[in-house]
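The values are calculated or read from the model by the stated rules, or taken from the named source; none is laboratory data. Nothing here was measured: the structure is a model prediction, and the numbers come from that model. Here the Cβ positions follow ideal geometry from the backbone for every residue, glycine too, while neighbour counts run over all protein chains shown. Remember, those area values only see protein heavy atoms, side chains included, never the ligands or the DNA or RNA. Shrake-Rupley method; radii C 1.70, N 1.55, O 1.52, S 1.80 Å.
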Amino acid sequence: MTINKPNSKIKRSDTKGKPVGWLEKAYGGSPVAVMVIDAGHRVYYANPVALSTFAEHEIIGWPVFDLYEDTSPGKINEGKLARFEEIADGEFKAKTGSGERWFSISAVADHESGGLPQITLFIRDITAFKKKENLFSYLNEAAASLAKTRDTPGALELVARLVVPRFATWFTIDRLTESGLELLMLKHEDPARIAWAYQYRKKYPPDLNGNSGPAVVLKTGKPGFVSVVTEEMINAVVTDPAQRRDVLKIGLHSVIITPMWADEKIIGLVNFISSVPGRHFDAEDVAFAQNFANLIGLALENARLNEESANEIALRKNSEEKLQFLTDAIPHKLWTSGPDGRATYYNQRWYEYTGVYGFETLRDKIWDSLHPDDRSLAAVEWPEVIKLGNPAEIEQRLMRHDGVYRWHLSRIMPHKNNDGDVTLWIGTSTDIHEQKVFGMELAAVNEELTAANEEFVAMNEELVAMNEEVAATNEELASANQEQAITNAELMETRDRLRKSEKLFRSIALSIPKSLVTVIDKDHRYVMIEGDIMEKMGYDRRDYEGKHPADISPEQYQTDRGLYERVLKGEAFSVERRAPAGEYYLVHFVPLPGDRSEVDSALIIAFDVSDIKQSEEKIAKLAAIVESSEDAIVSKTPEGVVTSWNAAAERMFGFTESEMIGQTIYAIIPPDRHDEEPRILARLRRGEHVEHFETKRMTKSGQLIDVSLTISPIMDKQGNIIGLSKIARDISAKKQEEQRKNDFIGMVSHELKTPLTSLNGIIQIAAAKLNKNEDAFLAEAMDRAKRQLKRMTAMVNGFLDVSRFEAGTMSITYQEFDLAELLNEIVGETKMVTSTHPVNFLGSGRVHIYADLDKISSVVFNLLNNAVKYSTKGKNIDVAYQVTKKEVLVSVKDEGIGIEARDIEKIFERYYRVDDPYSRRVSGFGIGLYLSAEIIRRHNGKIWAESEPGKGSTFYFTLPLIKGI
Ligand code: ADP
């Protein structure tokens with residue numbers, strides 16, 4: 001407000017109340033300004049202090065409201081004064097000779113004088129106090145806004161806007177560095193002036209060694225202050241006339257230079273310049289400037305700490321992301337769980353394998369992915385393992401997303417705290433399907449996995465810490481947004497975590513068997529390189545980290561460069577590499593997104609897959625052999641589900657591979673032979689191999705073919721049969737050939753029968769006629785001829801029987817008879833013709849059976865014959881029988897040469913004869929036992945032999961007692 005001359009003056013005598021003299025006496029010497037106003041609110045009396053405040057004006061008779069402006073909200077105090085009410089410490093502003101000033105006014109009403117009260121005003125100049133208060137509220141405002149700013153440029157801009165133009169015309173902030181002052185901020189309202197000032201600073205950098213402002217401030221640590229800068233002063237300090245001209249352009253009217261303190265150290269200088277004529281800094285301004293500078297120092301330091309910690313957090317996040325990428329990039333399925341065994345984490349492999357996405361969903365469904373046959377074991381084993389807290393491994397089948405079960409080796413390792421309590425479980429599941437199915441050696445893999453698991457456990461502490469950190473980081477980041485600066489201690493912690501995170505990254509990298517993990521930055525420089533391969537080859541990561549591949553091996557870089565470029569463009573891919581030493585590597589390239597989710601680095605993981613490659617090669621070779629084989633090669637599960645089917649099998653049976661895989665093998669087994677499968681499996685379980693087992697199989701079109709089978713079990717490490725491999729050879733051609741041979745033998749035998757019958761008749765007649773003849777030779781000759789003829793007839797009959805069997809035309813003629821009687825008769829007959837061996841029949845009673853008498857007789861004859869043939873002279877031969885509820889068991893026991901175990905099954909095969917010196921001298925065709933076996937089989941009985949080589953053999957056969965079977 002400005003003071004105008006009053007248009008009307010009131011005489012002092014017009015005023016009632018205490019006279020001026022009294023007032024002068026009372027207030028004339030007061031150090032406080034005192035004014036008395038009359039009923040018209042005009043100044044009636046002013047003491048000397050009050051008068052001097054408005055030195056340039058005469059104030060007596062002036063309306064008091066023209067002198068002071070009420071600054072209270074709604075001008076309450078002015079209202080009170082107008083109503084002649086008392087006020088206490090109301091704040092008023094006034095324009096006085098020395099500019100704008102602030103006053104605190106208290107009004108006391110004097111009612112004694114009657115009529116309207118006389119008001120005495122006690123006025124205190126509170127300008128200095130007010131300014132201070134203003135500056136400090138200003139400082140507060142600055143501090144509050146600075147605290148919110150988390151980056152340096154932002155903080156400085158804020159500071160500058162608070163200062164210019166309200167407090168100063170020019171404002172600069174310099175940071176003290178080793179090489180001098182670094183200008184952080186230069187502010188003026190006019191951008192053109194700013195540009196000019198930058199040029200000035202470039203031309204005349206502040207001299208820190210001289211005796212001028214900045215140097216002195218830095219030396220003393222105290223603010224420098226020139227309230228009124230005169231041209232003379234400038235001339236004295238600036239000697240260069242050109243610079244002098246420039247300095248004058250700045251408009252230096254008043255200057256404050258303050259040191260900027262942080263942590264008891266000067267970190268820079270802050271410069272305030274006023275170019276406004278009459279705006280001169282005073283002591284309060286200096287105090288404010290110093291406080292303000294300190295605040296800037298703090299803000300800068302905070303901003304720096306914030307930036308640093310933000311960087312660290314970003315770095316660490318990056319490291320966590322890398323860890324994530326790493327756990328996802330390893331080929332093993334990895335999971336962790338709490339002490340109760342409940343999963344807390346699955347790596348990406350699990351989701352890919354099961355096709356189940358979402359952590360919770362997978363955790364709920366994981367049990368279902370276990371093969372039903374493996375569940376009972378897992379249901380018992382896992383809880384036991386969890387309870388005992390011991391490491392464990394288990395082989396189990398896990399269902400892939402497409403429903404196929406694959407064998408996995410699952411391992412679980414506990415991590416315990418100092419009290420020995422399990423705090424975490426780390427589990428891995430490794431696909432061992434190929435190894436398992438091909439019965440390959442797993443030991444190496446196991447060892448590696450054990451090592452890997454142990455490593456995992458070893459670094460578990462970090463992992464746990466890591467989990468906590470991840471949570472902590474989130475909290476931190478959240479609170480960081482609200483709260484003020486991060487303290488140094490927190491920063492240290494962050495660094496600590498970063499180190500841990502990096503350590504964890506390295507130990508995971510190291511724990512991946514046969515691998516090399518590299519991180520490159522966007523310039524292809526090696527940021528991190530770690531892996532057991534590196535150690536094995538004797539390389540040191542320090543020779544690589546921070547270096548550029550081009551500096552290490554330009555040739556190699558030439559080949560890799562394209563791949564680096566691809567991955568840094570954001571493409572994830574894998575390549576196969578062959579090292580000069582012959583190892584195979586599978587190299588995964590994984591782009592790593594940085595802060596703004598642009599790819600700024602890449603993870604390269606190389607796995608030495610030489611072993612896998614070799615076994616792949618082996619498998620491939622094997623597969624090639626299998627595919628090119630003329631024999632059908634088929635593998636199947638113990639339950640008979642076909643798991644592989646080669647080209648020959650396709651040709652032989654007419655079913656394609658896709659038709660058969662997953663189908664049951666019974667598709668090619670004729671219905672009447674379905675019981676073969678369980679029998680073979682039982683034999684294999686006993687550890688026997690089944691070789692050259694001749695049987696019939698059925699093609700897709702229903703045609704029966706003869707095959708010779710060789711069946712081998714596929715076993716796991718524990719010796720459990722997990723599959724069967726079957727080689728089938730088509731022997732139809734051989735069979736046909738045999739058939740022709742049989743037909744021929746049958747035909748010849750048949751043709752021989754007629755002449756033999758006539759010969760038999762002739763010899764009988766001749767023998768009868770010779771009966772009376774004296775010639776002993778002739779009689780003897782007839783006898784011999786009869787015997788030879790009998791043998792010959794038996795032989796021809798035998799052959800005829802074989803061919804009848806083969807042709808399926810041999811008929812069984814059932815009749816009821818007493819087997820005991822038959823045995824007795826046969827033994828008697830044998831005794832008559834055999835003088836070389838004692839033959840005994842041990843038995844009495846009757847055994848009625850229903851069978852073909854002739855054929856059963858021939859079986860017994862045959863066994864007795866063999867007993868004689870295959871034992872030396874004088875050895876006993878015992879025939880006996882035993883009756884059980886359902887059947888009769890007949891045995892023929894000799895004390896002869898015996899039969900080796902390897903021959904014992906085969907002697908019942910057609911034309912099979914044991915090849916040893918003794919048997920070779922004995923005549924025979926190897927059809928007797930074959931025919932016997934066929935006859936017994938047709939009677940639903942069983943036949944077998946037990947023998948001890950050198951000691952003798954016993955042949956047994958059974959026949960059912962119940963008739964008509
Ligand atoms: P073969 O006409 O050769 O005797 P078999 O079918 O009757 O024909 O017998 C088959 C083979 O079994 C014989 O060649 C012989 O090696 C063996 N064999 C049969 N019975 C006996 C026995 N009691 N003791 C030892 N070996 C025997």
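Annotations for the structure displayed:
- In summary, LYS906 fulfils each of the numbered conditions (1) more than 30 Å from HIS848 (Cα to Cα); (2) touching a strand residue (DSSP E or B) at 6+ places or on another chain (Cβ under 7 Å); (3) more than 7 Å from the ligand (Cβ to nearest atom) with the single exception of condition (2).
- Residue match in the range 712-725 (condition: of a type in the set (Val, Ile, Thr), modelled with pLDDT of 85 or more, open to solvent by less than 70 Å² (accessible area, probe 1.4 Å) and outside any helix (DSSP H, G or I)): no
- Selected residue (only one of LEU398, LEU424 is at pLDDT 85 or above and open to solvent by less than 50 Å² (accessible area, probe 1.4 Å)): LEU398
- One residue from LEU853, LEU889, LEU864, LEU842 being in contact (Cβ under 8 Å) with a residue 60 or more places away in the chain and hydrophobic (A, V, I, L, M, F, W, C): LEU889
- Close pairs from the range 815-835: first of a type in the set (Asp, Glu), partner assigned to a strand (DSSP E or B) and open to solvent by 30 Å² or more (accessible area, probe 1.4 Å), Cβ under 7 Å, at least 6 apart: GLU816/HIS848; GLU816/TYR850; ASP818/HIS848
- In the set (1) modelled with pLDDT under 90; (2) small (Gly, Ala, Ser); (3) within 13 Å of the ligand (Cβ to nearest atom), the condition left unmet by GLY964 is number (3).
- Entirely in the range 337-421, the helices (runs of 4 or more DSSP H) that have 2 or more residues that are under 18 Å from the mean Cα position of the chain (by Cα) and without any contact (Cβ under 8 Å) to a residue 40 or more places away in the chain: 348-354, 359-365
- Here is the figure for the range 910-930: residues that are β-branched (Val, Ile, Thr) and either without any contact (Cβ under 8 Å) to a residue 12 or more places away in the chain or more than 6 Å from the ligand (Cβ to nearest atom) (or both) total 1.
- Filtered residues of the range 811-835 (kept if open to solvent by less than 50 Å² (accessible area, probe 1.4 Å) and over 15 Å from SER857 (Cβ atoms)): THR834
- Of all residues in the range 357-373 being touching a Ser or Thr at 6+ places or on another chain (Cβ under 8 Å) and open to solvent by less than 60 Å² (accessible area, probe 1.4 Å), the one that is farthest from VAL385 (Cα to Cα): LEU362
- Of all residues in the range 629-645, none are in contact (Cβ under 8 Å) with a residue 12 or more places away in the chain and under 30 Å from MET534 (Cβ atoms).
- Count of the range 880-901 residues which are within 12 Å of the ligand (Cβ to nearest atom) and open to solvent by 60 Å² or more (accessible area, probe 1.4 Å): 3
- Count of the range 262-278 residues which are closer than 17 Å to PHE225 by Cα and at pLDDT 80 or above: 10
- Any chance ARG342 is within 20 Å of ILE426 (Cα to Cα) and of a type outside the set (A, V, I, L, M): yes
- Hits in the range 726-744 - residues which are hydrophobic (A, V, I, L, M, F, W, C), open to solvent by 60 Å² or more (accessible area, probe 1.4 Å) and over 24 Å from VAL802 (Cα atoms): ILE727
- Selection within the range 865-874: residues that are within 12 Å of the ligand (Cβ to nearest atom) and either β-branched (Val, Ile, Thr) or more than 18 Å from VAL914 (Cβ to Cβ) (or both). The member of this set that is surrounded by the fewest Cβ atoms within 10 Å (Cβ to Cβ) is THR872.
- All conditions but one from (1) loosely packed, with under 14 Cβ neighbours inside 10 Å; (2) more than 14 Å from THR518 (Cβ to Cβ); (3) among the hydroxyl-bearing types (Ser, Thr, Tyr) apply to TYR584; the one that does not is (1).
- Residue satisfying all of: in the range 931-951; aliphatic (A, V, I, L, M) and within 11 Å of the ligand (Cβ to nearest atom); nearest to GLY746 (Cα to Cα) among these: LEU931
- Residue, farthest from PHE171 (Cα to Cα), within the range 222-281, restricted to residues that are open to solvent by 60 Å² or more (accessible area, probe 1.4 Å) and assigned to a strand (DSSP E or B): LYS265
- Of residues in the range 686-706 being assigned to a strand (DSSP E or B) and out of contact with any helix residue (DSSP H, G or I) (no Cβ under 6 Å at 6 or more places or on another chain), the one most open to solvent (accessible area, probe 1.4 Å): HIS692
- Hey, ILE877 near the ligand (Cβ under 7 Å from one of its atoms), free of Cβ contacts under 8 Å to residues at least 60 places away in the same chain and more than 30 Å from GLN739 (Cα to Cα) or not: no
- Flag if ASP854 is over 60 Å from the mean Cα position of the chain (by Cα), open to solvent by less than 30 Å² (accessible area, probe 1.4 Å) and away from the ligand (no atom under 15 Å from the Cβ): no
- The range 183-231: number of residues that are without any contact (Cβ under 8 Å) to a residue 12 or more places away in the chain, within 13 Å of LEU269 (Cβ to Cβ) and of a type in the set (D, E, K, R): 2
- Verdict on SER644 being assigned to a strand (DSSP E or B) and closer than 24 Å to LEU709 by Cβ: yes
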